[in-house]
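No lab work stands behind these numbers, since they all come straight from the coordinates. Just so we're clear, the structure is a prediction, and the values are computed from it rather than from any experiment. No Cβ is skipped: glycine too gets one built from the backbone with ideal geometry, and neighbour counts run over all protein chains shown.
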Amino acid sequence: MPLTKCVRCDKLFSKTANPICPQCVPTEDEDHQLVRDCMEENPEVNAEMVSEMTGVDINCVLRMIDSGSISAVSLTGESVKCGQ
């Protein structure tokens, strides 16, 4: 069975559809709940603000957005403009 590296702790584990190892799943679930609670209380926040307000790593918040488990948060603030 192929191995992969956990995106949270960098440990190797048997590859599954989930990029999180079984030991990190409970922590990921707790972070997910923190992010959802924060978004319910503050619907206008962006991903960076959610990360700062909850203490959840920005990469974790972005992973939740990419996976579709959260979707009501914008990726960046309105003040950030494209440089092109």
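Scanning segment 23-71 for residues that are of a type in the set (S, T, N, Q) and closer than 18 Å to Asp10 by Cα gives Gln23, Thr27, Asn59.
Being touching a residue at least 24 places away in the same chain (Cβ under 8 Å) and not acidic (Asp, Glu) is true for just one of Val25, Val45. Which residue is that? Lay out the reasoning, then the answer.
Working: Val25 fails: touching a residue at least 24 places away in the same chain (Cβ under 8 Å).
The conditions single out Val45.
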